[in-house]
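Q: Structure incoming, see below.
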Ligand code: ADP
C-alpha cells in the first residue's frame, strides 16, 4: 500500500464546495475519496445516480499528477469534459472522433500539466504509441468507469477492458486505481478486484436500494395500449421507454408521435447528428418521452426522469436495474415498469445464439437471461429481489407491484407436486415446454415420439393450458423449487426445496386473481 506522505492544502470538502457547489458528500463518497488519496486501489460500487464521478474527480483535483479516466462511453466524453470545463476543471479527452492534430494538442497539454483529467477509451491503452507518451506523464490515478465490463460474468463484457489487467501494471508512475460500477454481483465484484489488483478490503459498496423508485411488473396486457395510456396520464413528466430492438423502438416512437406526444427515438442506427439532437431535446425538456434501445442512457445525467418503461425485458437483471435506475435521480418518486411477455426472453435468447461469444461467455449470457425470468416471476418484493441478487439485503419496499398486490394467497402445493413429479418422471432431462405439454396431455409430435404419453403424469393437469403451466413452472423456478443448472440447455431439475415439497414437508402458495362470479361462493363457479 502506498501512503501519500504530504498533506493537501485543500480538503475534499473544500473541493466539493468550491467546484461543485455541494455541501455534503453522499454515502460512500468520502470513504472512497479518502482511500484513493491514501493510494489504495479501490472498487466503488454505487447505484446509478449515486455520484460515482465525484469519487475520482475530487481526488483528481487534489493529486499532483494526471487522472486518466477509462470509459467506454465515447459518445459522451465530450459532454462530460465540457461540463467539467464549465465548472473550471481542466479536463480533456482523446477518442477516435479526433484527428491526429487534436490528439497531439491534448497530449501536449497533459505533458505541460495543463490537464487534471484525461478521458480515454480502453482501446487507446492497447496502442503502443499512446503508451509511450503516457510513460512520460505523471499519472497519479486511473479511474476505470463501468468497471463491470472487465468481467465475463458481467452483463456488458468488453474484450478491450480485459487487457487493462496486463497494461495498467506497466505504467511507470504506478498510479492508484479506482474502479467504479453501478452493477456488480458478488462474483463480478471479485472478478474486478482480482483483475485490477484491488484488495478485497478496499471494496466500498453503498446501498443498492432506491427507496424512491416503485418497481412494477406488468404481464398479459396489450403493451402499446398500456404505453399510450401511461404516457397520456404522465404528459408533463419526462420518461424513457426502452425497447430491445431498433425496429421496436421506431414502432413505439411513431405510435407516440402519431398520437400527438412530444416523443423521439434513440438507437445506434441513427446518425450522430440525429442522436445528438434527440438526446439534447430530451435533456433540455423539449421532449417528454424518448424511446430507445440500450444505446441510450449510459452516463446521461438527467435528474428529473419520472418513469422508465421497458416495453421488452432486457437480457439481464443487471442491465434492467441500471436502465431502471435512470429514473428519479433527483430523489423524488419515480416508477420503473417492466411490460413483460414470454417472447421478450426469446428475443434475448436469439441475440445470445447469434452472438460471437465463446461457450463460457454464452453460458453467462443465458444465466443472465434466467435472472430476468426469475425477476418477472417472483411474487416477493421486487426491489428486495434485485438488491439480494446483488448480494445485499433490505426490508420489503412496500411500493412495488408485488408489495402492493392485494390478491389472495392460494395454496398450490398439490399442483406443484404434480409438476415436480412430472419433472422427476421425465428424469430431469427436459425443458419447460415439454414438461408443460406432458402435464397438459398434449398430443404434440415430440411428446408422442418420445413415448411421454405413457408416463403416469401425462395429462394430470389437463384442465389447464400449456402456456399457463409454463407460467407456473417459471414461478416455481423463480421461487427456487426448480432450477436450470445448465443455462445453455435449460432442462428442469428439482432443488432441495422442491424435493421437500414432493416429500410433503412444506407447502407452496401463490397469489392469484380472485375469480369474479355471480354465485355466492366463488368456489362454485
Ligand atoms: P453515477 O455516475 O453514479 O450514476 P453521477 O456521478 O453522474 O452518478 O452523479 C449523479 C448526480 O448526482 C449528478 O448530478 C451529480 O452532480 C450529483 N451529485 C453527486 N454527488 C453529489 C453530492 N455529494 N451532493 C449533491 N449532488 C451530488
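The values are calculated or read from the model by the stated rules, or taken from the named source; none is laboratory data. Since this is a predicted model, take the numbers as computed values, not measurements. Cβ placement follows ideal geometry from the backbone for every residue including glycine, while neighbour counts extend to all protein chains displayed.
Q: Touching a strand residue (DSSP E or B) at 6+ places or on another chain (Cβ under 7 Å) and away from the ligand (no atom under 16 Å from the Cβ): is that true of residue 236 in this structure? I'd like the intermediate steps shown before the answer.
A: Values: touching a strand residue (DSSP E or B) at 6+ places or on another chain (Cβ under 7 Å): no; away from the ligand (no atom under 16 Å from the Cβ): yes.
Spelling it out, it is not the case that residue 236 is touching a strand residue (DSSP E or B) at 6+ places or on another chain (Cβ under 7 Å) and away from the ligand (no atom under 16 Å from the Cβ).
Q: For region 391-449, which fully contained helices (runs of 4 or more DSSP H) count at least 2 residues that are surrounded by 18 or more Cβ atoms within 10 Å (Cβ to Cβ)?
A: On the way: elements: 413-425, 432-440, 445-449.
Output list reads 413-425, 432-440.
Q: Checking residue 117 against (1) surrounded by fewer than 21 Cβ atoms within 10 Å (Cβ to Cβ); (2) in contact (Cβ under 8 Å) with a residue 60 or more places away in the chain: exactly one of these is not met. Which one?
A: (1)
Q: Right, next: Give 347, 460, 365 a once-over and let me know the one that is more than 18 Å from the chain's Cα centre (by Cα) and in contact (Cβ under 8 Å) with a residue 24 or more places away in the chain.
A: Details: 347 fails: more than 18 Å from the chain's Cα centre (by Cα); 365 fails: more than 18 Å from the chain's Cα centre (by Cα).
It is 460.
Q: Let me ask something additional. Given the conditions (1) assigned to a helix (DSSP H, G or I); (2) in contact with a helix residue (DSSP H, G or I) (Cβ under 7 Å, 6 or more places away or on another chain); (3) more than 14 Å from residue 41 (Cα to Cα), report the number of the one that residue 184 does not fulfil.
A: (1)
Q: Can I ask one more? In this structure, is residue 200 surrounded by fewer than 20 Cβ atoms within 10 Å (Cβ to Cβ) and either in contact with a strand residue (DSSP E or B) (Cβ under 7 Å, 6 or more places away or on another chain) or at pLDDT 95 or above (or both)?
A: Details: surrounded by fewer than 20 Cβ atoms within 10 Å (Cβ to Cβ): yes; either in contact with a strand residue (DSSP E or B) (Cβ under 7 Å, 6 or more places away or on another chain) or at pLDDT 95 or above (or both): yes.
The answer is yes for residue 200.
Q: Let me confirm something: among 472, 497, which residue is outside any loop (DSSP other than H, G, I, E, B) and out of contact with any helix residue (DSSP H, G or I) (no Cβ under 9 Å at 6 or more places or on another chain)?
A: Values: 472 fails: out of contact with any helix residue (DSSP H, G or I) (no Cβ under 9 Å at 6 or more places or on another chain).
Going through 472, 497 in turn, just one is outside any loop (DSSP other than H, G, I, E, B) and out of contact with any helix residue (DSSP H, G or I) (no Cβ under 9 Å at 6 or more places or on another chain): 497.
Q: With free of Cβ contacts under 8 Å to residues at least 40 places away in the same chain and surrounded by fewer than 23 Cβ atoms within 10 Å (Cβ to Cβ) as the only criterion, which of 273, 332, 342 stands out?
A: Details: 332 fails: free of Cβ contacts under 8 Å to residues at least 40 places away in the same chain; 342 fails: free of Cβ contacts under 8 Å to residues at least 40 places away in the same chain.
Selected residue: 273, the only one of 273, 332, 342 that is free of Cβ contacts under 8 Å to residues at least 40 places away in the same chain and surrounded by fewer than 23 Cβ atoms within 10 Å (Cβ to Cβ).
Q: Follow-up question, since we're still on this one. Given the residues 364, 373, which is the only one that is at pLDDT 90 or above and part of a helix (DSSP H, G or I)? Write out each step before concluding.
A: Details: 364 fails: at pLDDT 90 or above.
Sole residue among the options that is at pLDDT 90 or above and part of a helix (DSSP H, G or I): 373.
Q: Shifting gears a bit: Are there any pairs, at least 6 apart or on different chains, whose C-beta atoms fall under 7 Å, with the first in region 396-417 and within 18 Å of residue 479 (Cα to Cα) and the second modelled with pLDDT of 95 or more and part of a strand (DSSP E or B), and if so, which?
A: Going by the 7 Å Cβ cut-off, the qualifying pairs are 400/214; 400/215; 400/216; 401/215; 401/216; 401/217.
Q: Please state which one of 497, 492, 482, 455 is crowded, with 16+ Cβ neighbours inside 10 Å, over 17 Å from residue 376 (Cα atoms) and touching a strand residue (DSSP E or B) at 6+ places or on another chain (Cβ under 8 Å).
A: Values: 497 fails: touching a strand residue (DSSP E or B) at 6+ places or on another chain (Cβ under 8 Å); 482 fails: over 17 Å from residue 376 (Cα atoms); 455 fails: touching a strand residue (DSSP E or B) at 6+ places or on another chain (Cβ under 8 Å).
Answer to the selection: 492.
Q: Select from region 29-51 the residues that are over 26 Å from residue 317 (Cα atoms) and in a loop (DSSP other than H, G, I, E, B) and write down the one among them that is farthest from the ligand (Cβ to nearest atom).
A: Across region 29-51, the extreme among qualifying residues is 39.
Q: Still on this structure, please answer the following. Go through region 500-513 and give me each residue that's in a loop (DSSP other than H, G, I, E, B) and within 30 Å of residue 404 (Cα to Cα). Show your work before the answer.
A: Step one: of region 500-513, the residues in a loop (DSSP other than H, G, I, E, B) are 503-508, 513.
Hits for region 500-513 are 505, 506, 507, 508, 513.
Q: Regarding region 89-97, can at least one residue be identified that is within 16 Å of the ligand (Cβ to nearest atom) and either in a loop (DSSP other than H, G, I, E, B) or loosely packed, with under 13 Cβ neighbours inside 10 Å (or both)?
A: Kept after step one, since they are within 16 Å of the ligand (Cβ to nearest atom), are these residues of region 89-97: 89, 91.
If we keep only those that are either in a loop (DSSP other than H, G, I, E, B) or loosely packed, with under 13 Cβ neighbours inside 10 Å (or both) as well, we get 89.
Scanning region 89-97 turns up at least one residue that is within 16 Å of the ligand (Cβ to nearest atom) and either in a loop (DSSP other than H, G, I, E, B) or loosely packed, with under 13 Cβ neighbours inside 10 Å (or both).
Q: Restricting attention to region 6-26, does a residue exist that is part of a helix (DSSP H, G or I), farther than 30 Å from residue 334 by Cα and away from the ligand (no atom under 14 Å from the Cβ)?
A: No - not one qualifying residue is present in region 6-26.
Q: I'd like to know if region 98-109 contains one or more residues that are touching a helix residue (DSSP H, G or I) at 6+ places or on another chain (Cβ under 9 Å), assigned to a helix (DSSP H, G or I), touching a residue at least 40 places away in the same chain (Cβ under 8 Å) and more than 14 Å from the ligand (Cβ to nearest atom).
A: no
Q: Which of the residues belonging to region 66-88 are modelled with pLDDT under 95 and not in a helix (DSSP H, G or I)?
A: 71, 72, 73, 87, 88 - these are the residues of region 66-88 that are modelled with pLDDT under 95 and not in a helix (DSSP H, G or I).
Q: Identify, please: which residue in region 169-197 is within 23 Å of residue 308 (Cα to Cα) and within 16 Å of the ligand (Cβ to nearest atom) and is, among those, surrounded by the fewest Cβ atoms within 10 Å (Cβ to Cβ)?
A: So in region 169-197, the residues within 23 Å of residue 308 (Cα to Cα) come out as 181-185.
Still in the running and within 16 Å of the ligand (Cβ to nearest atom): 181-184.
Working: 181: 25, 182: 22, 183: 26, 184: 28.
Applying the filter and picking the extreme gives 182.
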